[in-house]
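Read through the structure below, which is laid out as C-alpha cells, and then see the notes.
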Amino acid sequence: MSFMKEQKRITLFAGHYGSGKTSIAVNFALYLKRKGSQVVIADLDIVNPYFRTKDSANLLEKEKIELISSRFANSNVDLPAMPQETYGIFDRKDKYAVLDIGGDDRGALALGRYVPYIREENNYNMLFVASCYRPLTRNAREAYEVLREIEGACSLKFTGIVNNSNIGRDTASDDILASRDFIRELCELSKLPLHFTCADIRLCPLPGYENEDVLPLVIDERYYDIKEKKEN
Amino acid sequence: MTDKVLMKGNEAIAEAAIQAGCRFYFGYPITPQTEIAAYMAKRMPKISGTFLQAESEIAAINMVYGVASAGKRVMTSSSSPGISLKSEGISYIAGCDLPALIVNVQRGGPGLGGIQPSQSDYFQATRGGGHGDYHVIALAPASVQEMADLTFKGFDLADIYRTPVMILADGTMGQMMEPVKMKDYTPPDINKDWAVTGTKMMREHNIINSLCLDPESLEISNFKRYEKYKTICEKEAMCEEYLTNDADIVIAAFGIAARVSKNAVNEARANGLKVGMIRPITLWPFPKDAFERAAEKAKAFISVELSMGQMIEDVSLAVRCRKPVYLCNRAGGMIPSPEQVLAKINEIANMSNSK
C-alpha cells in the first residue's frame with residue numbers, strides 16, 4: 001500500500017453510524033504497528049455502548065498497541081465520559097495515533113474538545129468512512145450531507161475518503177466494485193481524495209483494485225453467526 | 001450491484017415501519033433500542049411524518065393510543081423497563097381493541113437491570129403484560145431480515161385483528177448488522193370505520209373507550225375479545241422447524257437463543273445425535289401443534305433461553321408434560337454459547353442412553 005507515503009501522525013476515522021469505523025480503526029492500527037511504528041488507538045465513541053474498540057482489547061494488547069478507552073466502555077454504565085489519558089495523545093508525538101470517532105454528527109461532538117490540539121500540531125488525516133450499502137447514505141449526496149454535518153459538529157475538516165461499502169459477511173468483490181461511482185461522486189462533491197478502499201481479508205487481493213490502496217480487514221467472528229451445516 | 005442494504009436490527013424495524021405506512025412514532029430513548037428513535041427522527045420529517053420524543057414512556061404510549069384511535073398506523077419502541085412503564089397504556093389499547101405496534105428490544109432485569117441482551121420479558125409479553133384479561137400478539141425475530149419482515153407482518157396483524165402487536169427482540173437483535181432486502185409491500189385493504197376521525201355531521205360519532213362500569217357489558221366485551229383470540233390462536237401461530245422429523249432431542253429456542261442453538265444442533269448432528277429445533281416465531285400464540293407433533297417421537301426437550309426459564313412453561317404445557325423439558329440458560333444479559341447448549345444436549349443424550 002502506498003498511502004503510507006502521505007501518512008500523518010494522527011489519523012481520525014469518522015462517518016455515518018455503523019459505517020465500520022471501529023473495525024477500520026483497529027485494522028489500521030494493526031497495519032501501522034506491523035510497519036514498525038509505535039501506535040496508540042483511542043476510542044472516542046460515546047454514542048454506541050455495544051460495539052466498541054474495547055471489544056478488540058485482547059488483540060490490541062497482544063500486538064502491543066496502546067488502547068485509550070473510557071473505563072465505562074463495555075461496563076453496564078452507559079456513561080458518555082472520556083478518559084483524561086486522551087490528552088496524552090497530543091503530547092507524545094513519537095507515537096502514531098488512531099482515533100475512532102463516534103457515528104454521525106452526534107458522535108463527532110465529543111471530538112470538539114481535542115480539535116485545538118489537533119489543529120495546532122497540524123499533522124493529521126481526518127478520513128470520512130463511507131458505505132453506499134447503509135440505509136441513510138445510499139447515494140453520494142446523502143453521504144455528503146452526513147460528512148458536512150460531522151464537520152459542523154466537531155469543527156474539523158475532513159482530508160480524505162475511505163470506501164468501506166459492504167454488506168457484511170455476504171459481501172462479494174463485485175459489490176465493492178459497484179461502489180466506484182458512488183465514491184467518485186462523493187469525492188467530486190466533497191473535493192476530497194479517496195485514501196483507500198477496505199475489504200474483508202477473504203476478498204483480498206481485491207479484483208479490479210490491483211493498482212489501488214486496499215486495507216484488508218480482519219473481522220472478528222461473532223457467536224451468533226450461523227455456521228454452515230456440516231456434511232457428516 | 002446488490003439490492004440489499006447493511007442494517008442494524010433497530011434500523012430495519014424503523015425503515016420497515018415507514019415502508020409499511022407508519023407515519024407516527026412516539027418514544028423515549030433507552031439502550032439498546034435508541035437507534036429506532038434516532039432513525040425515525042432523521043426520516044420522519046422528510047416524509048411528512050411525525051417523530052416525537054415524549055417526556056416519558058407513559059406519555060409516548062398514550063400518544064400511540066390517540067393516533068391508533070384515529071385509525072392511523074402508529075408505533076412506539078422501548079426496552080424492558082420502558083415497556084413496564086407503557087404497560088398501563090397497552091392494556092388500555094387492548095381494552096379499546098386498537099391496532100398498534102410496540103417494540104421491546106429487551107435488556108437484562110429486573111429493575112433498571114443492565115443494557116445487555118435478555119429474553120426475560122417473555123412472561124410479560126405472552127401473558128398480556130398489564131392488568132386485565134388481554135393478550136398482545138408477540139413476534140420474535142431471529143435475524144435482521146426478520147426484524148424488517150415481522151414489522152410489516154405486525155402492522156398487518158394489528159389492523160386485521162384490531163389488537164396491539166409486540167415485537168419481542170433483544171439487545172443483540174437490535175444492535176447486530178446484517179444485509180436486508182425490504183419486501184415489495186402493499187398494505188391489506190382494511191375498513192377502519194370505527195376510527196375517530198370527525199363525523200362531518202354525516203354519521204353517528206364513534207367512541208373509543210375502555211371504561212365500562214356495567215359488569216354484564218364488560219363481561220360481554222371480554223368474551224368477544226377472547227373469540228377473536230381464539231381465531232388468532234387457530235390461524236396465526238408461526239414457527240420454524242429445523243431437523244425435527246427424526247429428532248430424539250428437540251430444542252425450543254427463539255431469537256438470538258435460536259441462532260446459538262442452531263450451531264449446537266448442527267454440531268450434535270455431526271456427532272451422530274438426532275437433535276432438532278423448534279423456533280417459535282409467534283410467542284403468543286404459542287405454536288403448540290409443532291411441539292405436540294415433535295413430542296410423539298422425541299424423548300426430551302431443552303428450552304434454551306436468556307432468562308431464568310420462562311418459555312419452558314409453555315413448552316411443558318404444549319407437550320402436556322408427557323416428556324421431560326430441561327432448561328439451558330443464561331441470565332442478566334449473558335448469552336448461552338453453542339458449547340453450553342451442546343454440553344446440555346450430550347448430558348441428556350447420555351441420560352436417556354443409560355436408561
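The values are calculated or read from the model by the stated rules, or taken from the named source; none is laboratory data. Nothing here was measured: the structure is a model prediction, and the numbers come from that model. We place every Cβ from the backbone using ideal geometry, glycine too, and count neighbours over all the protein chains shown. Heavy atoms of the whole protein, side chains included, go into the accessibility calculation; ligands, DNA and RNA do not. Shrake-Rupley method; radii C 1.70, N 1.55, O 1.52, S 1.80 Å.
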Q.
Return the pair list, or none, for Cβ contacts closer than 9 Å from residues in the stretch B:193-204 that are closer than 20 Å to B:TYR65 by Cα to residues that are acidic (Asp, Glu) and part of a loop (DSSP other than H, G, I, E, B), at least 6 apart or on different chains.
A. B:TRP194/B:ASP97
Q | Checking B:GLU267 against (1) of a type in the set (D, E, K, R); (2) within 30 Å of B:GLY109 (Cβ to Cβ); (3) within 14 Å of another protein chain (Cβ to nearest Cβ), the condition it does not meet | A | (2)
Q. If you take the residues of the stretch B:173-198 that are open to solvent by less than 10 Å² (accessible area, probe 1.4 Å) and within 14 Å of chain A (Cβ to nearest Cβ), which of them is farthest from B:GLY89 (Cα to Cα)?
A. B:VAL180
Q) If the Cβ limit is 8 Å and pairs must be 6+ apart or interchain, which residue in the stretch A:190-212 that is touching a residue at least 60 places away in the same chain (Cβ under 8 Å) pairs with which residue that is of a type in the set (D, E, K, R) and part of a loop (DSSP other than H, G, I, E, B)? A) A:HIS195/A:ASP213; A:PHE196/A:GLU212; A:PHE196/A:ASP213
Q | Pairs where the first residue, in the stretch B:3-27, is within 12 Å of A:PRO135 (Cβ to Cβ) and facing another protein chain (nearest Cβ under 10 Å) and the second is acidic (Asp, Glu) and part of a strand (DSSP E or B), C-beta under 8 Å, 6+ apart | A | B:LEU6/B:GLU178; B:MET7/B:GLU178
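Considering only the stretch A:27-36, I want to know if a residue exists there that is at pLDDT 85 or above, crowded, with 23+ Cβ neighbours inside 10 Å and either within 14 Å of another protein chain (Cβ to nearest Cβ) or in contact with a Ser or Thr (Cβ under 7 Å, 6 or more places away or on another chain) (or both). Step through it out loud before you land on a result.
Going through the stretch A:27-36, the residues at pLDDT 85 or above turn out to be A:27-36.
Among the residues that remain, those that are also crowded, with 23+ Cβ neighbours inside 10 Å are: A:28-29.
Retained after the next criterion (residues that are either within 14 Å of another protein chain (Cβ to nearest Cβ) or in contact with a Ser or Thr (Cβ under 7 Å, 6 or more places away or on another chain) (or both)): A:28.
Yes, there is a match, as at least one residue in the stretch A:27-36 is at pLDDT 85 or above, crowded, with 23+ Cβ neighbours inside 10 Å and either within 14 Å of another protein chain (Cβ to nearest Cβ) or in contact with a Ser or Thr (Cβ under 7 Å, 6 or more places away or on another chain) (or both).
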**Q.** Qualifying residues in the stretch B:13-56 (those that are part of a loop (DSSP other than H, G, I, E, B) and within 18 Å of B:MET177 (Cβ to Cβ)) - the one most open to solvent (accessible area, probe 1.4 Å)
**A.** B:THR31
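Residues checked against (1) acidic (Asp, Glu); (2) without any contact (Cβ under 8 Å) to a residue 24 or more places away in the chain:
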| position | (1), (2) |
| --- | --- |
| B:PRO280 | no, no |
| B:PRO285 | no, no |
| B:GLU296 | yes, yes |
| B:ALA300 | no, no |
| B:SER316 | no, yes |
**Q.** Top-ranked residue of the stretch B:217-257 - restricted to ones that are open to solvent by 20 Å² or more (accessible area, probe 1.4 Å) and within 14 Å of chain A (Cβ to nearest Cβ), ranked as farthest from B:GLY174 (Cα to Cα)
**A.** B:LEU243
**Q.** Filter result (over 13 Å from B:SER77 (Cα atoms) and at the interface with another protein chain (Cβ under 10 Å from one of its Cβ atoms)) within the stretch B:28-45
**A.** B:LYS42, B:ARG43
Q.
Cβ-Cβ under 8 Å, sequence separation 6+ or interchain: first residue in the stretch B:54-79 and in contact (Cβ under 8 Å) with a residue 12 or more places away in the chain and assigned by TED's automatic domain parsing to the domain that holds B:PHE152, partner charged (D, E, K, R) and open to solvent by less than 10 Å² (accessible area, probe 1.4 Å). Which pairs?
A. B:GLU57/B:LYS86; B:ILE58/B:LYS86; B:ALA60/B:LYS86; B:ILE61/B:LYS86; B:THR76/B:LYS86; B:SER78/B:LYS86
**Q.** Residue count, the stretch B:1-33 (criterion: touching an Asp or Glu at 6+ places or on another chain (Cβ under 6 Å) and of a type in the set (D, E, K, R))
**A.** 2
